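Trainee: To start, I am sharing the structure in question, which I have written as structure tokens.
The values are calculated or read from the model by the stated rules, or taken from the named source; none is laboratory data. Please read these numbers as outputs of a predicted model, since none were measured by experiment. Every residue, glycine among them, receives a Cβ derived from its backbone with ideal geometry; neighbour counts consider all protein chains shown. In case anyone asks, the SASA skips ligands and DNA or RNA and just uses the protein heavy atoms, side chains included. Shrake-Rupley method; radii C 1.70, N 1.55, O 1.52, S 1.80 Å.
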Amino acid sequence: VELDYVVKLNMSKKLYNYIAQKVDFLNLINEKSKNVEDILKKLEIKFKHPLDSQANNDLFDFICKNSLYEINEKMIEQIVMEKSEVDINIDDLKTSNYSTILSSKCDFLIEYINEKIEDYIKNVFLKIETNVDEIEKNIVNLLNNKILDDKTKLLIIKKESFVVNDLVDVDDSILHIELIQENKVKPTWGNVITYSNEDEFEETIITYLNIEEHYTELAKSNFKDIKLDSDFEKTFIKNLVSANDLTVEAYKLLIKDVDKTIEGLDFENIDDSKIEILINKEIIEFNKENFESLREFSESKQLLLLAQNFQSYTELLDDEDIDSEEKIELEINEYEILLSSNNLLNDENKVRIINEISESQILENNNLGNIICNFLINFRTIALSFNMFIKIIKFSNNLDNKVKLSNLYNNLFLRDKLKTETVLNSLGSPFSNIVTFGLMKPPIIASEWNTVFIENLKKSNYIASCSNKNNRITKIRKN
């Protein structure tokens, strides 16, 4: 039958559909026929099912090389297994179909699939449930394929179990988001930098970095090993340090190689736990601006910053060339914390802090007087003015501690009657009664420190006599 006539017969596609479905087609044509080849080509037949290639190998070759078959799993399987120039394991077509095709060296098949890549992905690649082990390089090539639409590429990402080693190999930054979200990017600093660029760390990359296997792997290397523009590196480090939604565990490891102070950190949006890490790593510069910002937005972390930089703090206080407005002035509650804490300052530095406290500040807060008094009796005698001493004992409400402190600093008042009486009045009852009545009633408990105090008064001739009975000091008589 002439070619044109066959074309007319096929106007309703019935002839095409019949031939395309004909499993034993090659069994009907047992010789090489140019006319048959021309008809198949003219009708653009796409055989749907595997054929008996042994019945007419020449015609089968013609069908293969002219892409006269449908792109489906079974047809591809037959062609790869029969026409591959290398040994192919049929099971590989089930798990890495595309990669196996590319390795088969069936150039006509590879070319055909690449031309019809959208059909192949939808009809074969995505339909084989077990096809999840494609080689990373081939996946990346599919993701960079200009023919495939974004929806298809996203389906590929979700289906496959690959990991992209270098995110920069994937051209479309939109796909970077999906790759990171699906945890299909190798945890390297290069990939984190490629994804984040100069932008602040957002939810997608934060979620990725909070995965333990990711942040522990990243911690094994140093992001500074990557050659970056200095300005970009500063921006990246600041964004990393400001990534407050990182877990504390991830944060510690990810910033371990940051070794310089960072300017302009927004402490309002950084948790105290992370601020403490930054201070301990000396990433927050000690200056008035940072101190006051921490005072406003953190829970006393400004004091940790001060404690870590105590020498700088004292140098700033002592520098007469610096305007007083530029110096750091501590508030009463800050003095309380610094003097009460066992972790912030050592005893010598606490002494320096006490020397900076004004009398008016002690007057403002009874608790501060208690704290100072308690510290001084447990440390050692330091230089105090008489007025400062009086303010401390006057505004401390622990009588035992006030007496102990008076014993330590008796050189400030015992030689002066007026000062001695000022101390007695500041101690309050029952000691103030000595000044008023001359004969002590009620008695004073004969504790070790009270006994020493009364003995010192006697040695200084402020009192003439006293008696001790039933563990009570009684009948105290002034000179």
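Trainee: Go through region 430-477 residue by residue and tally those that are aromatic (Phe, Trp, Tyr) and part of a loop (DSSP other than H, G, I, E, B).
Mentor: 2
Trainee: On to the next question. Test of understanding: among Ser465, Ser432, which residue is of a type in the set (Gly, Ala, Ser), surrounded by fewer than 17 Cβ atoms within 10 Å (Cβ to Cβ) and over 24 Å from Phe395 (Cβ atoms)?
Mentor: The unique qualifying residue is Ser465.
Trainee: Scan region 113-139 and report the pairs whose first residue is farther than 17 Å from Lys46 by Cα and whose second residue is modelled with pLDDT of 95 or more and acidic (Asp, Glu), with Cβ atoms within less than 8 Å and a gap of 6+ or a chain change.
Mentor: Lys127/Glu73; Ile128/Glu73; Val132/Glu160; Asp133/Glu160; Glu134/Glu160; Ile139/Glu160
Trainee: Name the residue that is surrounded by the most Cβ atoms within 10 Å (Cβ to Cβ), counting only residues in region 93-112 that are among the hydrophobic types (A, V, I, L, M, F, W, C) and touching a residue at least 12 places away in the same chain (Cβ under 8 Å).
Mentor: Ile101
Trainee: Please enumerate the residues belonging to region 439-451 that are exposed (fewer than 15 other Cβ atoms within 10 Å of the Cβ) and over 18 Å from Lys417 (Cα atoms).
Mentor: Lys441, Pro442, Ile445, Ser447, Glu448
Trainee: May I ask you to list the residues in region 289-312 that are within 15 Å of Leu345 (Cα to Cα), under 30 Å from the mean Cα position of the chain (by Cα) and of a type outside the set (D, E, K, R)?
Mentor: Once the filter is applied, which keeps residues that are within 15 Å of Leu345 (Cα to Cα), under 30 Å from the mean Cα position of the chain (by Cα) and of a type outside the set (D, E, K, R), region 289-312 yields Ser300, Gln302, Leu303, Leu304, Leu305, Leu306, Ala307, Gln308, Asn309, Phe310, Ser312.
Trainee: Read through the list (1) within 30 Å of Glu136 (Cα to Cα); (2) in contact with a strand residue (DSSP E or B) (Cβ under 6 Å, 6 or more places away or on another chain), then give the number of the only condition that Val86 fails.
Mentor: (2)
Trainee: Still on this structure: Checking the structure you have, find out if any residue of region 179-195 is of a type outside the set (Val, Ile, Thr) and modelled with pLDDT under 95. Show your work before the answer.
Mentor: Pass one, region 179-195, residues of a type outside the set (Val, Ile, Thr): 179, 181-184, 186-187, 189-191, 195.
Those left that are additionally modelled with pLDDT under 95: none.
There is no residue in region 179-195 that is of a type outside the set (Val, Ile, Thr) and modelled with pLDDT under 95.
Trainee: Only one residue in Val168, Val163 is open to solvent by 30 Å² or more (accessible area, probe 1.4 Å) and either in contact with a Gly (Cβ under 8 Å, 6 or more places away or on another chain) or in contact (Cβ under 8 Å) with a residue 60 or more places away in the chain (or both), so which one is that?
Mentor: Val168
Trainee: Condition test on Asn191, is it buried (at least 20 other Cβ atoms within 10 Å of the Cβ), within 17 Å of Asp169 (Cα to Cα) and not hydrophobic (A, V, I, L, M, F, W, C)?
Mentor: Answer is yes for this residue.
Trainee: Which of the following residues is open to solvent by 30 Å² or more (accessible area, probe 1.4 Å) and acidic (Asp, Glu): Glu276, Glu178?
Mentor: Glu276
Trainee: Count, please, the residues in region 205-258 that happen to be free of Cβ contacts under 8 Å to residues at least 40 places away in the same chain, part of a helix (DSSP H, G or I), among the hydrophobic types (A, V, I, L, M, F, W, C) and over 16 Å from Asp271 (Cα atoms).
Mentor: Within region 205-258, residues that are free of Cβ contacts under 8 Å to residues at least 40 places away in the same chain, part of a helix (DSSP H, G or I), among the hydrophobic types (A, V, I, L, M, F, W, C) and over 16 Å from Asp271 (Cα atoms) number 6.
Trainee: Would you point out the residue of region 423-460, among those that are under 12 Å from Ile473 (Cα atoms) and charged (D, E, K, R), that is modelled with the lowest pLDDT?
Mentor: Across region 423-460, the extreme among qualifying residues is Lys441.
Trainee: Could you list, in sequence order, all residues of region 452-473 that are closer than 19 Å to Thr420 by Cα and of a type outside the set (A, V, I, L, M)?
Mentor: Those that are closer than 19 Å to Thr420 by Cα and of a type outside the set (A, V, I, L, M): Phe453, Glu455, Asn456, Lys458, Lys459, Ser460, Asn461, Tyr462, Ser465, Cys466.
Trainee: May I pose another question? Scan (1) touching a Phe, Trp or Tyr at 6+ places or on another chain (Cβ under 8 Å); (2) open to solvent by less than 30 Å² (accessible area, probe 1.4 Å) for the single condition Glu268 breaks and write down its number.
Mentor: (2)
Trainee: Please enumerate the residues belonging to region 358-398 that are within 47 Å of the chain's Cα centre (by Cα), open to solvent by 30 Å² or more (accessible area, probe 1.4 Å) and closer than 17 Å to Leu424 by Cα.
Mentor: Phe395, Asn397, Asn398
Trainee: Okay, next question. Looking only at region 415-429, how many residues end up being open to solvent by less than 30 Å² (accessible area, probe 1.4 Å), assigned to a helix (DSSP H, G or I) and under 17 Å from Gly369 (Cβ atoms)?
Mentor: Within region 415-429, residues that are open to solvent by less than 30 Å² (accessible area, probe 1.4 Å), assigned to a helix (DSSP H, G or I) and under 17 Å from Gly369 (Cβ atoms) number 3.
Trainee: Oh, and also: Taking the condition closer than 25 Å to Lys127 by Cβ and open to solvent by 10 Å² or more (accessible area, probe 1.4 Å), does Asn66 pass?
Mentor: yes
Trainee: Further question on the same structure: Any idea which of Asn191, Asn183 is free of Cβ contacts under 8 Å to residues at least 40 places away in the same chain and on the phi > 0 side of the Ramachandran plot? Give the derivation first.
Mentor: Working: Asn191 fails: on the phi > 0 side of the Ramachandran plot.
Testing whether each residue is free of Cβ contacts under 8 Å to residues at least 40 places away in the same chain and on the phi > 0 side of the Ramachandran plot leaves just Asn183.
Trainee: When you scan region 4-51 for helices (runs of 4 or more DSSP H) that lie fully inside it, which ones turn up with 3 or more residues that are modelled with pLDDT of 90 or more and surrounded by 17 or more Cβ atoms within 10 Å (Cβ to Cβ)?
Mentor: Details: elements: 14-21, 25-28, 34-42.
Once the helices (runs of 4 or more DSSP H) in region 4-51 are filtered for at least 3 residues that are modelled with pLDDT of 90 or more and surrounded by 17 or more Cβ atoms within 10 Å (Cβ to Cβ), what remains is 14-21, 34-42.
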